[in-house]
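Notes follow the structure.
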Amino acid sequence: MVGLLGLLLFPLLQAAGEVWQSPRKTIALEGDSVNITCSTPGTLHGIYLKKTWPNNSDVIYYEDGSEPTVDPWFQGRIAYSGLQSNLTISLYHLQLADTGGYTCVAIMDDKIFGPGTLVMVTDQLPQAANTCQESWPIHFALPTALAVGFFLIGLGLGAVCVLIRTQVSMDPRVSPVSLEAHFSQRA
């Protein structure tokens, strides 16, 4: 019985020790901003957003009801909203040096690390990002063209069927009366 109870409660206990973080990766232009959301169930003492790569720093430590602690590098370029169990942290006026890995760390009885967010700050969007934006009309036009093409093919086949049916009914040798007589004689 105790084993069954433990088995049923295990997912709840495991979920209490998880940190969800989004997005997993983002690309931003220099001067833009990004939002990183950290959320976790359970009782927290506080939550960190740490820069874990290429150098380590505590970007912000937030605890409900207390003034947050912000790294001097991010002072004046950071905002937050929500509670510590579902906190969105906004980094503003991004600089190339802000590129790196950022991890949410929930402070419970232990430290629970989130999966991390890779932030890439560039002075220009990568070519792949430009290509995706430019190819959008192509991706939209292809299914539309296929749908119109199949509609026209169906319309053409329908017209051919109507013509064949009209030719059969115009044939003097085959009339509805003669067909009716033919089938009634067989019965």
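The values are calculated or read from the model by the stated rules, or taken from the named source; none is laboratory data. For clarity, every value in this text was computed on a predicted model and none was experimentally measured. Please note: Cβ atoms are built from the backbone with ideal geometry, for glycine as well, and neighbour counts cover all protein chains shown.
Regarding residue 31, is this residue among the small types (Gly, Ala, Ser) and crowded, with 16+ Cβ neighbours inside 10 Å? Even if it seems obvious, please write down each step before you answer.
Details: among the small types (Gly, Ala, Ser): yes; crowded, with 16+ Cβ neighbours inside 10 Å: no.
Against the criterion (among the small types (Gly, Ala, Ser) and crowded, with 16+ Cβ neighbours inside 10 Å), residue 31 does not qualify.
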From the list 68, 23, which one is surrounded by 14 or more Cβ atoms within 10 Å (Cβ to Cβ), at pLDDT 95 or above and not charged (D, E, K, R)? 68
Has the range 62-80 got at least one residue that is over 22 Å from the mean Cα position of the chain (by Cα), assigned by TED's automatic domain parsing to the domain that holds residue 102, of a type in the set (D, E, K, R) and not in a loop (DSSP other than H, G, I, E, B)? no
